[in-house]
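*Asks:* Here it is: the structure, laid out below.
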C-alpha cells in the first residue's frame with residue numbers, strides 16, 4: 001500500500017467573515033495536490049472547508065483541512081484501496097481584511 005501526501009495551495013485572498021471570528025476557508029478540488037501515485041493513477045479530493053490557524057488577518061499563515069474516505073474519488077482504473085489516504089492536508093493561507101462601510105449622520 002502506497003502512502004499519499006496531501007497539500008493545499010492556491011488559497012489566497014479569502015475574505016474574513018468578521019462575525020464570530022470565523023476561521024473557515026472555502027476550498028475547491030483545484031486547491032489540493034496529492035503526491036505519491038503509481039504512474040497512471042489519479043485521485044481527486046473534494047473537501048469544501050478548511051480552517052485557518054487564526055481569524056486575525058495579521059497572523060493567518062496556514063489553512064488545514066480534515067480528510068476522510070468520502071473526500072476522495074479515484075479516476076477510472078484507480079483503486080483507493082491501493083493507497084493509505086491522508087487524513088489532513090495543509091498549506092499557505094491568507095485572509096484579506098473586510099472593508100467597512102458606514103453612513104455618517106449628524107444631529108443638531
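The numbers here are math on the coordinates, done by the rules we state, and not lab data. These figures come from a predicted structure and were not determined experimentally. FYI the Cβ positions are ideal-geometry reconstructions off the backbone, even for glycines, and counts take in every protein chain you see.
*Asks:* Explain nothing, just the number: relative contact order of the stretch 21-108, from Cα pairs under 8 Å at least 6 residues apart, as a whole percent.
*Replies:* Answer for the stretch 21-108 is 28 percent.
*Asks:* For a quick protection proxy, order the peptides 41-47, 74-80 by their average other-Cβ count within 10 Å, most packed first.
*Replies:* 41-47, 74-80
*Asks:* Given the stretch 2-96, what percent of its DSSP beta bridges are antiparallel, to the nearest 5?
*Replies:* Just about 75 percent of them are antiparallel.
*Asks:* Report the calculated FRET efficiency for residue 44 and residue 96 (r = Cβ-Cβ distance, R0 = 35 Å), to the nearest 0.05.
*Replies:* E(calc), rounded to 0.05, equals 0.80.
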